[in-house]
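**Student:** Structure in C-alpha cells, see below.
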Amino acid sequence: QVQLEESGGGLVQAGGSLRLSCAASGRTVTNYAMGWFRQAPGKEREFVSGISRSGGDTDYANSVKGRFAISRDNAKNTVYLQMINLKTEDTAVYYCAADWASALDYRVRVASNEYDYWGQGTQVTVSS
C-alpha cells in the first residue's frame with residue numbers, strides 16, 4: 001500500500017545543486033529504511049544513498065560521497081536527497097525506495113533487492 005513519489009528533478013548545469021524529495025503515502029516512512037538509486041540510459045540501476053530507519057546511519061556511493069546528502073523528515077513523511085556540485089555523470093532517473101524495518105534494525109540497505117517499494121523516478125539531467 002505504500003506509495004512513493006519522487007519530485008525535484010530537472011535540468012541543471014554542472015556545478016549546480018538540486019534537492020530531490022520522496023513523499024510517501026499510504027504509510028509513514030517512520031518504520032522504513034529508505035534509499036535512493038539511479039539509472040542512466042543503457043546502464044543498470046545503481047545505489048546512490050541510503051538511510052536507516054532511525055536516520056542515525058547513512059551510506060553513499062563513492063561517486064557521490066561528499067556531494068550528496070540524504071535526510072529524512074518524518075513529520076513531513078518525506079525523504080530528501082540534497083545534491084551539490086552536480087556533474088554530467090549524475091544524469092539519470094533517480095528512484096526512491098523503501099524497506100520495512102523493525103525498531104531494532106539500524107541497517108542501511110545498499111542493494112536494490114533489499115527494497116520492496118519503489119517510486120516511479122524523477123529525471124535529473126546535468127548539462128555541461
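**Student:** What residue, among those in segment 75-85 that are open to solvent by 30 Å² or more (accessible area, probe 1.4 Å) and more than 10 Å from Ala23 (Cα to Cα), is modelled with the lowest pLDDT?
**Tutor:** Among those that are open to solvent by 30 Å² or more (accessible area, probe 1.4 Å) and more than 10 Å from Ala23 (Cα to Cα), it is Ala75.
**Student:** While we're looking at this one, here's another question. For the structure I just gave you, tell me whether Val79 is among the hydrophobic types (A, V, I, L, M, F, W, C) and touching a helix residue (DSSP H, G or I) at 6+ places or on another chain (Cβ under 8 Å).
**Tutor:** Working: among the hydrophobic types (A, V, I, L, M, F, W, C): yes; touching a helix residue (DSSP H, G or I) at 6+ places or on another chain (Cβ under 8 Å): yes.
The answer is yes for Val79.
**Student:** Can you pull out every residue in segment 98-119 that is of a type outside the set (Phe, Trp, Tyr), out of contact with any Lys or Arg (no Cβ under 9 Å at 6 or more places or on another chain) and within 21 Å of Val64 (Cβ to Cβ)?
**Tutor:** Those that are of a type outside the set (Phe, Trp, Tyr), out of contact with any Lys or Arg (no Cβ under 9 Å at 6 or more places or on another chain) and within 21 Å of Val64 (Cβ to Cβ): Val108, Arg109, Val110, Ala111, Asn113, Gly119.
**Student:** Still on this structure, I have one more. Of all residues in segment 110-128, how many are in a loop (DSSP other than H, G, I, E, B) and open to solvent by less than 60 Å² (accessible area, probe 1.4 Å)? Steps first, answer last, please.
**Tutor:** First, pick out the residues of segment 110-128 that are in a loop (DSSP other than H, G, I, E, B): 110-111, 115-116, 119-121, 128.
In the following step, the residues that additionally are open to solvent by less than 60 Å² (accessible area, probe 1.4 Å) were identified as 111, 115, 119, 121.
The total comes to 4.
**Student:** Tell me whether segment 65-72 contains one or more residues that are in contact with a strand residue (DSSP E or B) (Cβ under 7 Å, 6 or more places away or on another chain), open to solvent by 30 Å² or more (accessible area, probe 1.4 Å) and free of Cβ contacts under 8 Å to residues at least 24 places away in the same chain. Show your work before the answer.
**Tutor:** Within segment 65-72, the subset in contact with a strand residue (DSSP E or B) (Cβ under 7 Å, 6 or more places away or on another chain) is 67-72.
Pick out the ones that are also open to solvent by 30 Å² or more (accessible area, probe 1.4 Å) and you get 69, 71-72.
Still in the list and also free of Cβ contacts under 8 Å to residues at least 24 places away in the same chain: 69, 71.
Among the residues of segment 65-72, at least one is in contact with a strand residue (DSSP E or B) (Cβ under 7 Å, 6 or more places away or on another chain), open to solvent by 30 Å² or more (accessible area, probe 1.4 Å) and free of Cβ contacts under 8 Å to residues at least 24 places away in the same chain, which makes the answer yes.
**Student:** Out of segment 1-40, which residues are charged (D, E, K, R) and either surrounded by fewer than 16 Cβ atoms within 10 Å (Cβ to Cβ) or at positive phi (or both)?
**Tutor:** Here is the first cut: in segment 1-40, the residues charged (D, E, K, R) are 5-6, 19, 27, 38.
Listed by number, the residues that qualify are Glu5, Arg19.
**Student:** Right, next: Just the residues that are of a type in the set (D, E, K, R) and either part of a strand (DSSP E or B) or modelled with pLDDT of 95 or more (or both), please, taken from segment 16-52.
**Tutor:** First pass over segment 16-52, keeping only residues of a type in the set (D, E, K, R): 19, 27, 38, 43-46.
Correct list: Arg19, Arg38, Lys43, Glu44, Arg45, Glu46.
**Student:** Identify the single condition in (1) over 22 Å from Gly9 (Cα atoms); (2) surrounded by 16 or more Cβ atoms within 10 Å (Cβ to Cβ) that Val93 does not satisfy, given that it satisfies every other one.
**Tutor:** (1)
The values are calculated or read from the model by the stated rules, or taken from the named source; none is laboratory data. In this text, all values refer to a predicted model and were calculated from it rather than measured experimentally. A quick note on method: Cβ atoms are made from the backbone with ideal geometry, for glycine too, and the neighbour counts reach across all protein chains shown. Heads up: the accessible areas ignore ligands, DNA and RNA and are worked out on the full protein's heavy atoms, side chains in. Shrake-Rupley method; radii C 1.70, N 1.55, O 1.52, S 1.80 Å.
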